[in-house]
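Where a number appears in this text, it was derived from the coordinates with a stated rule and is not lab data. What you see is a predicted model; the values in this text were computed from it and never measured. A quick note on method: Cβ atoms are made from the backbone with ideal geometry, for glycine too, and the neighbour counts reach across all protein chains shown.
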Amino acid sequence: MTSPHYIAFEGAEACGKSTQAALLATRMDAVLTRETGGTAVGARLRAILHDNSVTNLTPRAEALMTAADRAQHLAEVVGPALDGGRNVVSDRSLYSTLAYQGYGRELDVEELTIINDWAINARWPETVIFLDTPDALIAERLQERDLDRFEAAGEAFHRRVIEGFRTMASSNTERWITVDGRGAIDDVEATIVAALTERGVL
Ligand code: TMP
């Protein structure tokens, strides 16, 4: 039996990663989960994090709440699934904290890496699929939504976040796969499947 694989999807809001994560989880018969909000405790943290009426949350508190969500998620969902021989596909991972709270909120990325490595007991995703979707398309998709606290954070913040993802993806191409998020759902899925097949994950 091959060992179970832990895959995370990353990218901006409305980039299509939730759709692709679900498709891949079905294909791999994997446990489909997400950060934040993949556990009952995490759902409560997520409600605070996304709440527009929360106007005074400091970046450090925000980062620690995402790390707390993640510690619970690893202990309750990801770790047991992998230990039980199941593949795991997660919609976001600690890399979202590095992108949003690190690059976006301008906290120290090295410090956030240490805090999150501790939170997850050093169990990192083995493969990260980054759906890189042009800013204009994201903006168009977000226009159709009621914006939450992150989505309403402003253009400069989101530009730093996406540049952060691009920097991380290009500096660790063994772990990261960058996929153009612009195509039709089927085409993006086919690209992801081809890349994972080439790496021997599928
Ligand atoms: P999503 O689940 O719809 O992708 O939204 C999650 C939002 O939470 C998104 O705006 C990014 C943000 N987020 C962080 O800022 N840090 C994190 O660590 C995670 C997991 C999400």
*Once you have all Cα-Cα distances for the chain, histogram them in 5 Å bins from zero and send the whole-percent values.*
1, 7, 16, 21, 22, 18, 11, 4, 1, 0
_Over region 1-78, what is the relative contact order in percent, taking alpha-carbon pairs closer than 8 angstrom and at least six residues apart?_
27 percent
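Taking 0.36 nm per intervening residue step and subtracting the Cα-Cα distance, what contour gain separates Arg175 from Ser53 on full extension?
Values: separation 122, 0.36 × 122 = 43.92 nm, distance 3.71 nm.
The span from Arg175 to Ser53 would gain 40.2 nm if fully extended.
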*Pair-distance profile P(r), taking every C-alpha pair of region 58-127, with 5 angstrom steps and integer %*: 4, 17, 30, 24, 14, 7, 3, 1
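How far, in nm, would the chain grow between Val193 and Trp124 when pulled straight, counting 0.36 nm per residue and subtracting the alpha carbon separation?
On the way: separation 69, 0.36 × 69 = 24.84 nm, distance 2.11 nm.
Extending this stretch completely gives an extra 22.7 nm.
If you keep only loop residues by DSSP, which GluC sites (Glu not before Pro) in region 50-118 have at most 16 other Cβ atoms within 10 Å of their Cβ? Let's see the in-between values first.
Working: sites: Glu62, Glu76, Glu106, Glu110, Glu111; in loops: Glu106.
Filter output for region 50-118: Glu106.
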_Cα-centre dipole for region 74-202 with unit charges at Cβ (Lys and Arg positive, Asp and Glu negative), debye to 20_ = 160 debye
*Dimensions in Å of region 97-202 - Rg and Dmax from alpha carbons*: 15.3, 40
*Given the options Ser90, Ser18, Ser53, state which has the largest fluctuation in a GNM of the chain using a 10 Å cut-off (strictly under) for Cα springs.*
Ser53
*When only C-alpha pairs under 8 Å and at least 6 residues apart count, what is the relative contact order of the chain, in percent?*
31 percent
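Among all helices in the chain defined by DSSP H, which have a length of 18 Å or more along the axis from Cα atoms plus a Kyte-Doolittle mean of at least 1.6?
Values: long enough: 59-73 (21 Å, -0.69); 155-171 (24 Å, -0.39); 185-198 (20 Å, 0.80).
Once both thresholds are applied, nothing remains.
Please report, in cubic angstrom per residue, the volume enclosed by the convex hull of the alpha-carbon atoms of region 1-64.
Values: hull volume 7.9 nm³, N = 64.
Value for region 1-64: 123 Å³ per residue.
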*Could you list which residues have their amide H under 5 Å from that of Ile129, counting only those 5 or more apart in sequence or on another chain, with H placed in the peptide plane?*
Ala8, Phe9, Glu10, Ile177
